[in-house]
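A short write-up of the structure that comes next.
Coordinate-derived values only; no laboratory data. For clarity, every value in this text was computed on a predicted model and none was experimentally measured. Glycine also receives a Cβ, built like all others from the backbone with ideal geometry; neighbour counts cover every protein chain displayed.
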Amino acid sequence: MAGRAPHGSNQPPKVIVKKIYIEGHGGHHGGAWKVAYADFVTAMMAFFLLMWLLGATNEKQRKALADYFAPNLVNFKASSAGSTGLFGGASITDLDNYPHKAQQTGTKSMTVPVDAMGGAQVGTGAKGSLKDKSKMAEDKSNFDKISKQVSKAMAGNPKLQKLATHVKFVQTRDGMRIDLVDNADYSMFALGTTQFAPEADQLMALIAESIRGLENPVMIRGHTDSLAYQSPTGMNNWLLSSSRAEATRQRLAQGGLANNRVDRIEGVADREPMIADNPADPRNRRVSITLLYRSSLTGGR
């Protein structure tokens, strides 16, 4: 501040500079310590949550948690049963990695093999024969007897001996499937028709006689190779396969198979080839007769 000069004096006024020092509380640091403290508390909360999860879960559940954060495994399980759940097919409360919520997808009875250790509820339901071990064992025993009976009868018949390699007995999840398979040298049906060859007709009579005394439902499925017809609006592989399945049902009925034993017949054309690498292979032409387990998934009895 400048003072007044003395009267009558040419001396310049005095300049007085007053400096005031104010001690800062916080200054440029501001509230940074609060942010650091909040980060610390958050980290501690996450740590205690981790400790709680490790203590409250078992080894399988911890593996499911770890798999959830592994991108490759998440992608691998993207289309698995129950994949809409948090753990990509597994949950903390479920056995066997199967869903327990109504909005989740996946059918346990369709995706767990019969003989697998699939938990207490594997099978077709409370009254399903797949849960009735004694009935299932009886069916398997009957299937084994039929396969041996048919094979022995074919071996003792000169006309049927050459068909021995054309008949296959296959145990499946639904029952026993009898495949009547063509090859390049022999066809069960006249080419492009539903007319049985003479030996194949005798074979159908033998099969009908063998299975007519059982109670098991029967499913019949017709297959063709991939060789196409010229006109898709006329005869085609869909019509031919279903017609051959129906012809097989009629022949079994003539042999004594009760009509109420037939669960369903299907024609799948060339969509399920036996020789997948060559859909045109004549061995893809076949008729499958499946003896279903009683009260099985497909039989429904």
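Counting 0.36 nm for each residue step from residue 276 to residue 15 and taking away their Cα separation leaves a gain of 83.3 nm. Computed over the range 177-276, relative contact order equals 33 percent, with contacts defined as Cα pairs under 8 Å that lie 6+ residues apart. Once the C-beta distance of residue 238 and residue 260 is scaled by a Förster radius of 30 Å, the resulting FRET efficiency is 0.65 to the nearest 0.05. Length gained on full extension, residue 148 to residue 172: 6.9 nm, using 0.36 nm per residue less the C-alpha separation. Rounded to 0.05, the FRET efficiency of the residue 183 and residue 60 pair, given R0 = 45 Å and the Cβ-Cβ distance, is 0.35.
Can you list which of the GluC sites (Glu not before Pro) found in the range 212-301 are DSSP loop residues with at most 16 other C-beta atoms within 10 Å?
Numbers: sites: 215, 246, 266; in loops: 215.
For GluC sites (Glu not before Pro) across the range 212-301 that sit outside H, G, I, E and B with at most 16 neighbouring Cβ atoms in 10 Å, the list reads 215.
Within the shell of other residues whose beta carbon sits under 9 angstrom from the beta carbon of residue 189, the net charge comes to +1, with Lys and Arg scored +1 and Asp and Glu -1. The relative contact order of the range 209-256 comes to 45 percent, based on Cα pairs under 8 Å that sit 6 or more residues apart.
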